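Asker: Just dropping this structure here.
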Amino acid sequence: MTIVPDTNRPVAAVVRGDEFRRWLTWPTAPLPVVAVERTDIWAIPSGVWVVYEAENLEQSSRTAVFLSPEQLPRSVELGDRRPIGVDAEGLWVGDPRDASSWTSGTGGTDEDDDMSRIDPETLEWAEVAPFWPERDAWTEPDDEDEDRAGTDDSDSDSDSDSDSDSDSDDDDDDQTMVGTASQWTVRFGHPLGGDDDQDDDADGDGPVSTPLPTPPTPPTEIVRVTPADERTTVQVDHLVDAVSIEDGRMTLRFHPAGPRQVEVPFGERGPWRSWDTVYDAREVVIDVAAGIPSVVVTEDHASEPAADEDAGADLEELEAVWSAEDAALQARRAPWIGRLDLTGVSGASWQTPEPDPETVERSVAAVREQLAGLSEPSIMWSADTDTVTRVRSDYRSVQVDVERSWPDTEVVVSFEHTAVPFLRLRRRHRVFDEAGYPIDRQYVTVHLEEDIATGHIASRRAAVDGVLDI
């Protein structure tokens, strides 16, 4: 038997070979409180768990649905618990945090707090170029230039990186400077032996661990949830992020402490250092032939370092592995895309009640308020002058409108931007998903700035009456 879940709807097909057998639907399963961001599949011999996940800055929530060819679907609410394994009896969930929550030496600084208290109205304006060039002196980019700028081809990215490195070698002999999207200017990396180098190891031959202590992870609970929502809880003395059970032996991957920050050589252009983060996960095996224990103290058992499949691999190797995994997934999906007709299938859509007007307005305002301030000036500190100035926005003439009604509501923003002369840009943001739940849009301005800065927007040729939808 093969179970084929739909990507966006609460329906799956049960297929034997090429023969369709039956539909499975779960339209009343309780979804997370906001729009689902991702759906994971955890397979076992008797069926599959479909886990719906939604997350924002305030909270995360998950719902799991168990599908079996011979039974009706069953759903369980997981709250903020994170799936960490599966066995024949159920789905294992654990702490929603990962080990990075116990990293030493991270977080805000007093300087950050001081900057947040600055009143922009008291600052001088930074010198800037005209918002758009003179019309007579400006040359519109031809089609070839635009296509090259907006490509996603990895070879082009590689060429661009190479050119950037070459320019940096010529211009930045001492320090590398980066202007961030929020108009801060920051310095990263420093030459060994320089005034900023605090490392006693002047030769720079190998990585040096940070002297900061690494805090231990606290005791946490792991829980096995069955399709009938029966729960088995195990108290463990440290954070667990993976569970597996086989032949009466339970393997726990745990983190005795948070990750270490390690200094490593920065690039290949000279005596530079950068920070890397190293996770020291370990594995312990527990005999569960007589039953699952209610408490596990990892320090009472022999453990060994958990294998890190990515250790020693460079970014290109990792990207190749990720690409291969994605290609394999798409190959498994391809035979089923467009093959199963859901027309008239009862229960093939989520049954979502319409929210009250106040809830709809709050969701709309969460998107609209981010975009309304695009034309506001920002603050910039420069290491060269050690002064803070007010900087003109790259946006002007910003207009934000709301169109259509729930669940098809859209927030539409249009504006002019320094990077795209003599055109008005427009982008639409859907507020709710197909099931009527609010979509997490907390980074709409970041994504917008990235797309414009990298040229990943529509061609100027697509503009209609001076407006380009991006």
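Asker: How far, in nm, would the chain grow between ASN8 and GLU127 when pulled straight, counting 0.36 nm per residue and subtracting the alpha carbon separation? Walk me through the numbers on the way to the answer.
Answerer: Values: separation 119, 0.36 × 119 = 42.84 nm, distance 4.96 nm.
Result for the pair: 37.9 nm of gain on full extension.
Asker: If you don't mind, there's one more thing I want to ask. How do SER382, SER397 stack up against each other in accessible area, from largest to smallest, with a 1.4 angstrom probe? Please list the in-between numbers first.
Answerer: Working: SER382 20, SER397 65 Å².
My answer, sorted largest first, is SER397, SER382.
Asker: Report the calculated FRET efficiency for GLU304 and ASP229 (r = Cβ-Cβ distance, R0 = 45 Å), to the nearest 0.05.
Answerer: Efficiency for this residue pair is about 0.80.
Asker: Just to verify a number: what accessible area does LEU340 come out at with the full protein assembly present, 1.4 Å probe, Å² rounded to tens?
Answerer: Solvent-accessible area, nearest 10 Å²: 50 Å².
Asker: Across the stretch 126-131, in residue order, what do the Karplus-derived ³J(HN,Hα) couplings come to in whole Hz, using 6.51 cos²θ - 1.76 cosθ + 1.60 with θ = phi - 60° and x for Gly and Pro?
Answerer: Calculated HN-Hα couplings, in order: 6, 6, 9, 6, x, 4 Hz.
Asker: On full extension of the chain, what length is gained from SER382 through GLU354, given 0.36 nm per residue of separation minus the C-alpha to C-alpha distance?
Answerer: Details: separation 28, 0.36 × 28 = 10.08 nm, distance 4.99 nm.
Stretched fully, the SER382-GLU354 segment lengthens by 5.1 nm.
Asker: Filter the trypsin sites (Lys or Arg not before Pro) in the stretch 299-385 to those in DSSP coil with at most 15 other Cβ atoms within 10 Å of their Cβ, and list the result.
Answerer: Listed in order of number, the matching sites are ARG339.
Asker: Shifting gears a bit: If you keep only loop residues by DSSP, which GluC sites (Glu not before Pro) in the stretch 5-99 have at most 14 other Cβ atoms within 10 Å of their Cβ?
Answerer: GLU58, GLU70
Asker: If you don't mind, there's one more thing I want to ask. Roughly what would the spin-label model give for ALA372 and ALA458, points 7 Å off Cα along C-beta, in nm?
Answerer: 2.7 nm
Asker: Please report the orientation-averaged projected area of the stretch 372-470, defined via the convex hull of its C-alpha atoms, in nm².
Answerer: Result: a mean projected hull area of 8.0 nm².
Asker: I would also like to ask the following. Would you kindly state how much longer the chain becomes between TRP336 and ARG117 on full extension, computed as 0.36 nm times their sequence separation minus their alpha carbon distance, in nm to one decimal?
Answerer: Computed gain between TRP336 and ARG117 is 73.2 nm.
Asker: If the convex hull of the alpha-carbon atoms of the stretch 1-107 is projected onto planes in all directions, what is the mean projected area in square nanometres?
Answerer: 8.0 nm²
Asker: Please give the solvent-accessible surface of SER378 in Å², to the nearest 10, using a probe radius of 1.4 Å with every protein chain present.
Answerer: 30 Å²
Asker: Can you figure out the FRET efficiency of VAL467 with SER346, using R₀ = 45 Å and their beta-carbon distance, to the nearest 0.05?
Answerer: About 0.55, to the nearest 0.05.
Asker: Hey, with R₀ at 51 Å, roughly what FRET efficiency would VAL288 and ARG404 work out to, going by the Cβ-Cβ distance, to 0.05? Present the calculation step by step, with values, prior to reporting the outcome.
Answerer: On the way: r = 54 Å, r/R0 = 1.06.
Step by step, r from the Cβ atoms, then E = 0.40.
The values are calculated or read from the model by the stated rules, or taken from the named source; none is laboratory data. Predicted model only: the values in this text are computed from it and were never measured. Cβ coordinates were reconstructed from backbone atoms using ideal geometry, including for glycine residues, and neighbour counts include every protein chain displayed. Heads up: the accessible areas ignore ligands, DNA and RNA and are worked out on the full protein's heavy atoms, side chains in. Shrake-Rupley method; radii C 1.70, N 1.55, O 1.52, S 1.80 Å.
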